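The values are calculated or read from the model by the stated rules, or taken from the named source; none is laboratory data. On a predicted model such as this, the values are computed, not experimentally measured, just so you know. Note that each Cβ is placed from the backbone with ideal geometry, even for glycine, and that neighbours are counted across all protein chains shown. Areas reflect the complete protein model, heavy atoms only, side chains present, ligands, DNA and RNA absent. Shrake-Rupley method; radii C 1.70, N 1.55, O 1.52, S 1.80 Å.
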Amino acid sequence: MKILVPIKRVADPNNANKMKVSPDGKRVVSGDLPWAINPFDEYALEAGLRLLENGATGERFGELVIVTLGPEDVQTTMRQALAMGADRGIHIPIDEEKLDAMIVAQALAAVVRLEAPDLVLMGKQAVDGDSNNVGQMLAEFLGWPMATFAMSIALEGKQIVVGREVDTGVLTLRIELPAVVTVDLRIVLSKSVRNGKTPESHAYPDDVRHISVKGIMAAKKKPIATKTLEELGVQPNLSVRYLRFEVPPARSGSTRYVESVSELVRLLHTEAKVI
Ligand SMILES: Cc1cc2nc3c(=O)[nH]c(=O)nc-3n(C[C@H](O)[C@H](O)[C@H](O)COP(=O)(O)OP(=O)(O)OC[C@H]3O[C@@H](n4cnc5c(N)ncnc54)[C@H](O)[C@@H]3O)c2cc1C
């Protein structure tokens with residue numbers, strides 16, 4: 001089995017409060033914030049690695065390929081994904097401000113046609129653009145079935161069974177491969193991924209795997225190929241332009257701490273009058 005995982009780099013989401021808007025309102029300035037793998041893509045990577053291994057023995061099956069669009073230094077972030085266990089990478093060089101979701105999806109579709117993976121696993125959204133539309137566009141361009149916001153995935157031969165949280169509970173979809181699946185954070189819970197190889201008794205930690213020193217060393221030797229948009233036959237014509245960035249207005253009113261739930265309910269009833 002071959003799995004393709006698009007990886008977007010984002011400014012360190014744990015320090016998003018340090019992001020600033022340029023005085024002319026035209027750019028978001030991340031200053032010297034370190035780059036990180038978009039968290040939802042990290043969850044997709046973890047789910048892909050679990051699908052391709054026996055979690056109890058560590059034995060690996062198949063191949064996991066990552067692909068990233070961005071400037072030269074995105075390769076540093078790609079190496080983190082290779083250190084986690086991806087086998088090789090594809091870098092598509094372009095400056096991020098020349099990207100929109102359509103260009104990203106067209107480039108990913110061209111890579112899929114070259115690589116012919118059985119499954120594309122990716123984040124439901126990027127925590128900076130939050131567009132939540134590249135996955136859907138990609139499936140449309142490929143004419144492939146898709147599931148979004150996956151919280152569980154089970155491999156059954158040439159099919160996958162995907163669980164998705166909805167208001168009324170969990171929606172379960174059975175999909176023929178190849179397919180596109182976007183993931184949500186619950187996909188890395190201990191029993192969320194099943195592949196018929198990892199024993200049912202095996203419980204993964206409720207998180208992505210930590211990067212080991214051995215993984216970092218191995219990542220240095222793993223290949224990252226470069227494919228230009230031109231080679232992929234994709235025109236970088238922006239169809240969505242960010243015109244202006246604004247900092248949201250500061251929240252009015254103060255924060256009030258209460259001792260107990262009952263006091264909270266009382267205040268919501270008597271003071272806020274919302275219940
Ligand atoms: C300074 C600056 C200016 C920008 N100006 C614009 C603009 O004017 N108009 C515009 O539309 N966009 C602009 N962008 C790009 C924008 O941030 C997104 O890259 C693009 O629009 C895709 O949206 P998203 O990441 O929110 O996609 P989402 O749909 O939220 O992403 C979903 C998934 O798609 C995949 N993905 C997304 N981007 C990449 C990538 N680069 N490499 C690999 N996988 C990826 C990931 O798996 C991600 O989890 C700008 C970016 C920067 C840094």
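Annotations
- Label-to-label distance for Val127 and Ala272 is 2.6 nm, based on points extended 7 Å past Cα in the beta-carbon direction.
- Put simply, the amide H of Asn132, placed in the peptide plane, has neighbours under 5 Å in Ala126, leaving out anything fewer than 5 places away on its chain.
- Placing unit charges on the Cβ atoms only, positive for Lys and Arg and negative for Asp and Glu, gives the range 12-87 a dipole magnitude near 340 debye about its Cα centre.
- Solvent-accessible area per residue for the chain (1.4 angstrom probe, square angstrom): 55 Å²
- Amide H contacts of Val67: Val5, Ile7, Ile90, each under 5 Å away and 5 or more positions distant or on a separate chain (H built 1.01 Å from N in the peptide plane; Pro and chain starts excluded).
- Paired Rg and Dmax values of the range 226-275, which use every Cα atom, in angstrom: 25.2, 66
- 3J(HN,Hα) along the range 172-180: 10, 10, 10, 10, 6, 7, x, 8, 10 Hz, from the Karplus curve 6.51 cos²θ - 1.76 cosθ + 1.60 with θ = phi - 60°, whole Hz, x for Gly and Pro.
- Between Ala218 and Glu176, the modelled labels are 3.5 nm apart [label points 7 Å from Cα along Cα→Cβ].
- Protein-only accessible surface at a 1.4 angstrom probe places the residues Phe141, Phe149 in the order Phe141, Phe149, largest first.
- Of all beta bridges that DSSP places with both ends in the chain, some 45 percent have antiparallel geometry.
- Once divided by 2.2 N^0.38 Å, the Cα radius of gyration of the chain becomes 1.12.
- For the chain, built as a Gaussian network whose Cα springs stay under 10 Å, the top-fluctuating residue of Val104, Val181, Val247: Val247
- Semi-axis lengths (Å, descending) of the ellipsoid that matches the C-alpha gyration tensor of the range 1-101: 30, 14, 10
- DSSP-assigned coil residues among chymotrypsin sites (Phe, Trp or Tyr not before Pro) in the range 22-131, each with at most 13 further Cβ atoms within 10 Å: Phe61
- Cut-off 19 Å (backbone N to label point 7 Å along Cα→Cβ of Thr226), residues of the range 51-75: 66-75
- Stretched out straight at 0.36 nm per residue, the stretch from Glu156 to Lys20 would grow longer than its current Cα-Cα span by 44.3 nm.
- A simple charge model with +1 on the Cβ of Lys and Arg, -1 on the Cβ of Asp and Glu and nothing else charged puts the dipole of the range 172-275 at about 380 debye relative to its Cα centre.
- Amide H contacts under 5 Å for Ala150: Thr182, Val183, Asp184, restricted to partners 5 or more places along the chain or on a different chain, H placed in the peptide plane at 1.01 Å from N.
- Hydrodynamic radius by Kirkwood, which averages 1/r over all alpha carbon pairs of the range 68-157, in angstrom: 14.4 Å
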